[in-house]
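Data block below; observations after.
The values are calculated or read from the model by the stated rules, or taken from the named source; none is laboratory data. Since the model is a prediction, treat every value here as computed from it, not as a measurement. With ideal geometry, Cβ positions are generated from the backbone for all residues, glycine too; neighbour counts draw on all protein chains shown.
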Amino acid sequence: MKKYIYLDNAATTALDAEVLSAMLPYLTEHYGNPSSSYALGREAKAAIEANRKSVALALGVSPLNIYFTSGGTESNNTAIACAVNELGCKHIITSSIEHHAVLNTVKRYCERSAIDCTILTPSTQGFLNLQELEDKLIEKNKEGIKCLVSLMHANNEIGVLLDIEKVGNLCEKYNAIFHSDCVQTIGHLEMDLKKYKLHFASASGHKFHGPKGTGILYASERVKLSPLIIGGGQERQSRAGTENVAGIVGFGKALELSMRNHPEESTYIRSLNELMRNALSQSIPDVSFNSPIDGLYTVLSVNFLNAMPGSLLLAHLDRAGICASGGSACSSGSDGGSHVINALGLSSSGSTVRFSFSKLTSATDVDEAVRALSAIFQSTVPVA
């Protein structure tokens, strides 16, 4: 089997062996439906509730604030739908560099409902002007229009971090609902969701060595969550469908491990990010970085100026066994390049590649990737 150097951990991560071990019993002997009243069902239900408590503890909230979902996309959709349909939000404030799970959902509601939106434009470094946000909140507050503010905690392509606590304070001051896509930060940063004054926050298990198809929506006690998926009374009548018990157990275990080992692992991963930044600067001419030094430590977005087109560079990397992405993996195959890079207003000359790291990445992986890139830029042999 071909050996790959995997540097696309912002897209997904490998399942941790301890997580798999925790999940397996709920795929075999503890297979009961948690809605069933007999012992086998009660065992499954108990596992869900134990992991709800574990997740809540890691995030500084009550278990009653945690709802299990299929992932970040469902959680984002549920939060936005609830804000528009149940909480009276008639104006949405978001940014041009949000994940499409937010941008496309906002677009859909603006097209089909009596609401409009403000799209904040970032600086060339990806930072949002929070004075612009406050000015819009003041304007809408004076008009008596309730706002939903939906801004991601860390951008999935360039790793720029939002001052989430400051945004939470602004939303509280102007009576706005605050939702944050925290898919890239929950599991990678120590989080206190109550401190940030969030109404909603989204997370996805496969970003921190949990299983795919698992996620949570945090909903503050200040809001009543309405279901996006209609059917039975699961998740306290807020998310219908038989629960993914093994996946919930896996999510809980992955978050527990991530937070327990966070000091050591974050320091290690940050060192890999710095190693690659420095090695590329020394080895490749005309290279620059979209990711700020103090951004999310797992992500490094690199501009190779005046280089071959991004799709060609990624094809070369693939042939060399290097797994990376041109932006967000969720956008693979879409036209027009990365909407995030386009929104930064940077020159389109050359290529942008996102490298992202995890606890399973090694310094050797980074060294080999840099050597492969050096060889690619020294060669003019086209991809077959």
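For Ile145, the conditions (1) surrounded by fewer than 17 Cβ atoms within 10 Å (Cβ to Cβ); (2) in contact with a strand residue (DSSP E or B) (Cβ under 6 Å, 6 or more places away or on another chain); (3) part of a helix (DSSP H, G or I) all hold with the exception of (3). For the stretch 286-313, the candidate set comprises residues that are among the polar types (S, T, N, Q) and surrounded by 22 or more Cβ atoms within 10 Å (Cβ to Cβ); within that set, the residue that is nearest to Ser271 (Cα to Cα) is Thr298.
If you take the residues of the stretch 194-210 that are in a strand (DSSP E or B) and aliphatic (A, V, I, L, M), which of them is surrounded by the fewest Cβ atoms within 10 Å (Cβ to Cβ)? Lay out the reasoning, then the answer.
Our first condition is that a residue be in a strand (DSSP E or B); within the stretch 194-210, this holds for 200-204.
Next, from what is left, pick out any that are aliphatic (A, V, I, L, M): 201, 203.
Values: Ala201: 29, Ala203: 31.
The qualifying residue surrounded by the fewest Cβ atoms within 10 Å (Cβ to Cβ) is Ala201.
The residues of the stretch 173-193 that are surrounded by fewer than 24 Cβ atoms within 10 Å (Cβ to Cβ) and over 19 Å from the mean Cα position of the chain (by Cα), listed by number, are Lys173, Tyr174, Asn175. Of all residues in the stretch 81-101, those being within 16 Å of the chain's Cα centre (by Cα) and among the charged types (D, E, K, R) number 1. May I ask you to verify whether Asn76 is within 21 Å of Gly168 (Cα to Cα) and either without any contact (Cβ under 8 Å) to a residue 40 or more places away in the chain or assigned by TED's automatic domain parsing to the domain that holds Gln184 (or both)? Taking the combined requirement at face value, the residue satisfies it.
Would you mind finding the one in Ser347, Ser301, Ser332, Ser288 that is among the small types (Gly, Ala, Ser) and modelled with pLDDT of 95 or more?
Ser301
Would you check if Lys166 is among the charged types (D, E, K, R), touching a residue at least 40 places away in the same chain (Cβ under 8 Å) and outside any strand (DSSP E or B)? Against the criterion (among the charged types (D, E, K, R), touching a residue at least 40 places away in the same chain (Cβ under 8 Å) and outside any strand (DSSP E or B)), Lys166 does not qualify.
Do we find that Asn141 is under 23 Å from the mean Cα position of the chain (by Cα), assigned by TED's automatic domain parsing to the domain that holds Gly88 and modelled with pLDDT of 95 or more in this structure? Step through it out loud before you land on a result.
Details: under 23 Å from the mean Cα position of the chain (by Cα): no; assigned by TED's automatic domain parsing to the domain that holds Gly88: yes; modelled with pLDDT of 95 or more: yes.
The answer is no for Asn141.
Taking the stretch 264-304 as the range and being more than 24 Å from Ser379 (Cα to Cα) and among the hydroxyl-bearing types (Ser, Thr, Tyr) as the test, the residues that pass are Ser266, Thr267, Tyr268, Ser271, Ser291, Tyr297, Thr298.
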